[in-house]
Amino acid sequence: MIFKFDGFCCLMILLLLLQVAVSIPTTLDGPFTPVTVPLDQSFRGNAVDLPPDDPRVKRTVQGFLPEQISISLSTNHHSVWISWITGEFQIGYHIKPLNPDGVASFVEYGRTSSSLTQKAEGDSLIYNQLYPFKGLQNYTSGIIHHVQLTGLSPDTVYYYRCGDPSIQAMSDVFRFKTMPVSSPKNYPKKIGIVGDLGLTYNSTSTVSHLMKNSPDLMLLVGDATYANLYLTDGTGSDCYSCSFANTPIHETYQPRWDYWGRYMQRITSKVPIMAIEGNHEIEEQVDSKTFASYSARFAFPSEESGSKSTMYYSFNAGGIHFLMLGGYTAYDKSSDQYKWLQRDLAEVDREVTPWLVGVWHPPWYNTYVSHYKEVECMRVAMEQLLYNAGVDIIFNGHVHAYERSNRVYNYSLDPCGPVHITVGDGGNREKMAIKHADEPGNCPEPSSTPDSFMGGFCAYNFTSGPAAGNFCWERQPEYSAYRESSFGHGILEVKNETHALWTWHRNQDMYNVAGDQIFIVREPQRCPVKAPVMLSDH
């Protein structure tokens with residue numbers, strides 16, 4: 001049967017599409033009156049971790065066949081990283097690390113599944129999680145491989161398999177699509193954004209919803225596995241400090257990382273994932289070493305973006321420049337991170353990448369009791385730099401709820417400030433944040449708020465506005481546009497150099513139903529970029 005559409009029919013379809021578009025608010029309509037959606041009690045439960053015998057987290061490969069396969073981006077479209085693990089982890093009192101040199105790191109790839117004629121070789125490593133206390137089990141990982149593919153064409157589907165062909169240990173064939181060329185006309189169609197994911201039954205709902213929305217890129221804004229809610233014997237708790245108050249060191253059960261990697265392969269083997277560290281990645285071990293698993297398991301374009309650390313880096317995805325910043329490494333104005341950020345911002349060409357997006361774990365603008373003003377020192381150090389650079393959107397996690405701000409700078413409504421969005425609602429076992437700091441009796445004691453890992457105190461009372469003289473507002477602050485305690489994920493769709501559609505999806509809805517939706521609109525003529533003042537490295 002052949003359908004024919006006349007001019008009138010096409011006009012009606014266009015009018016309907018325009019009507020749908022008009023119904024979505026834009027930031028030009030703001031600032032918006034603050035909205036709080038009441039807690040939906042029906043979706044509070046099920047934040048229970050998948051057990052080790054769940055088929056989705058069990059090891060299904062033999063010998064040195066690859067597992068936990070993932071893709072991440074380099075700084076530009078012509079390069080990606082392929083990562084995977086071979087061999088079994090070991091945990092116990094007498095572990096013997098595998099030899100990374102014993103298994104090669106190869107990727108075979110091409111533009112068709114039957115012609116993988118291009119080859120790339122990379123590096124491999126293992127990491128250990130060791131404890132200097134009797135009775136705590138140590139861990140050594142399988143062999144972690146990272147291979148960089150270069151010279152790729154933009155906006156192109158590639159097929160690949162990875163492993164060591166010399167020992168007949170190659171994976172199945174997977175596929176990925178490269179990012180488009182960086183220009184004001186080119187953007188990935190959908191960018192999925194999740195935070196504080198964990199590996200619960202709610203997490204699997206979040207990932208299922210995300211996959212149905214078919215993202216081209218995935219941002220993980222910290223707190224991947226929550227392995228540090230477990231002792232080394234595998235005993236877990238929703239609240240580590242509550243249940244294990246007398247442990248000599250904050251333990252972590254590293255096999256949860258392997259479970260997570262196996263479960264996530266269903267999406268990470270096809271869709272690039274760009275991660276930044278959260279507080280649950282600290283994972284202190286012998287000699288006060290931290291972030292070992294995070295730094296080893298993910299591939300980061302740190303070197304390509306001029307960073308000396310896995311804790312902060314940048315990359316382009318079409319006409320978007322992403323700043324992946326570290327909330328758990330030095331960020332003051334004398335730090336390496338701050339100086340790197342200055343240099344990175346100075347090199348951004350807004351004629352090529354009009355959109356500038358910041359991503360880090362702990363939010364600066366947060367009206368929940370949970371983590372209220374926790375990283376005020378980071379905001380004090382960096383906010384003006386990002387404001388002057390014209391950052392458009394900032395994504396955070398950490399708080400296990402959803403919140404979107406009006407455009408804000410220094411706690412004041414500002415048409416040139418970024419929109420701050422908290423998506424720490426991926427579904428981890430610590431459950432949702434539900435209490436607001438502005439509700440009676442909920443305002444925390446200021447001395448209790450600073451982050452215990454980074455230290456420092458910058459969280460003082462407000463000096464102006466409706467909350468002047470107080471540590472908390474007495475109502476939902478005017479900079480908070482929308483907040484809701486529900487699990488979910490977000491999708492960012494940049495349409496052109498001035499308009500981006502942001503949609504937050506709740507797990508209790510159908511995957512394509514919007515819980516919160518807005519067009520974020522850039523106004524470069526109204527809000528010109530100010531050149532950063534460079535500080536000397538000496």
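Numbers below:
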read-out	value
Extension reserve of the residue 59-residue 413 stretch, reckoned as 0.36 nm per residue once the Cα distance is removed	122.4 nm
Cβ-derived FRET efficiency at R0 30 Å, residue 442 paired with residue 201, nearest 0.05	0.55
Global size of region 136-209 as Cα Rg and Dmax, reported in angstrom	17.8, 55
Under-5 Å amide H pairs with residue 516, H placed in peptide plane, nonlocal only	504
Three principal axis lengths of region 334-451 [C-alpha, angstrom, descending]	47, 29, 28
Additional length obtainable on full extension of the chain from residue 509 to residue 250, 0.36 nm per residue less Cα span	89.5 nm
Extension gain (nm, one decimal) between residue 434 and residue 133, 0.36 nm per residue minus Cα-Cα	104.6 nm
Sorted peptide list for 106-118, 58-70, criterion being average Cβ within 10 angstrom, highest first	58-70, 106-118
Separation between Cα centres of region 167-224 and region 279-355, rounded to whole Å	19
Computed Kirkwood radius, in angstrom, where 1/r is averaged over Cα pairs of the chain	24.1
Region 50-183: Rg to Rh, with Rh as the Kirkwood radius over Cα pairs	1.05
Antiparallel %, DSSP beta bridges [both residues in the chain], to 5	75
Relative contact order (percent, whole number), the chain, Cα cutoff 8 Å, 6+ residue spacing	17
Net charge, residue 142 excluded, C-beta distance under 9 Å - Lys, Arg +1, Asp, Glu -1	-3
Region 313-376, relative contact order in percent, only Cα pairs under 8 angstrom and at least six apart counted	36
Cut-off 14 Å between beta-carbons: net charge of the residues surrounding residue 319, Lys and Arg +1, Asp and Glu -1	-2
Sequence-separation-based contact order of region 195-250, relative, with Cα cut under 8 Å and 6+ spacing, percent	35
Prolate/oblate/rounded call for region 465-532, Cα gyration tensor, a/c under 1.5 rounded	oblate
Net charge of neighbours whose Cβ lies under 14 Å from the Cβ of residue 126, counting Lys and Arg as +1 and Asp and Glu as -1	-2
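Any read-out appearing in this document is the output of simple, stated calculations on the displayed coordinates, not a laboratory observation. Since the model is a prediction, treat every value here as computed from it, not as a measurement. So basically every Cβ, Gly included, is an ideal-geometry build from the backbone, and we count neighbours across all protein chains shown.
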